[in-house]
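K.L.:
I have a structure here, written as structure tokens, and I will follow up with some questions on it.
Every number in this text was worked out from the coordinates using simple rules, so none of it is lab data. The model shown is predicted, which means the values in this text are computed figures rather than measured ones. No Cβ is skipped: glycine too gets one built from the backbone with ideal geometry, and neighbour counts run over all protein chains shown.
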Amino acid sequence: MDAKTVKQNKAELIVVGIAVIAFVLGLVAHLAGASFANADTFGYIAAPMPLILGVIFLISYKIAEASED
């Protein structure tokens, strides 16, 4: 089994950080959706969330892919 390089360790930390940010963003959006469910502003909060999370996951994937030699 090969030892991990510094580049791989750094990329793993970045990807885990991005995953935590995505989780917190999803949680905040969920809570915002629960509290604004009866208001018109709910759509402004809920509608872009899949796009935002998709962009976050794409960035995370590209970082992980770049760390592999």
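K.L.:
Between Ile59 and Leu31, what's the calculated FRET efficiency when r is the beta-carbon distance and R0 is 25 Å? Round to 0.05. Each step should come with its number before you reach the end.
P.N.:
Values: r = 24 Å, r/R0 = 0.95.
So the FRET efficiency works out to roughly 0.55.
K.L.:
Follow-up. Can you list the residues of region 49-69 with backbone N under 18 Å from a point 7 Å past the Cα of Glu12, pointing along Cα to Cβ?
P.N.:
What the label zone holds, given the 18 Å backbone N cut-off, is 60-69.
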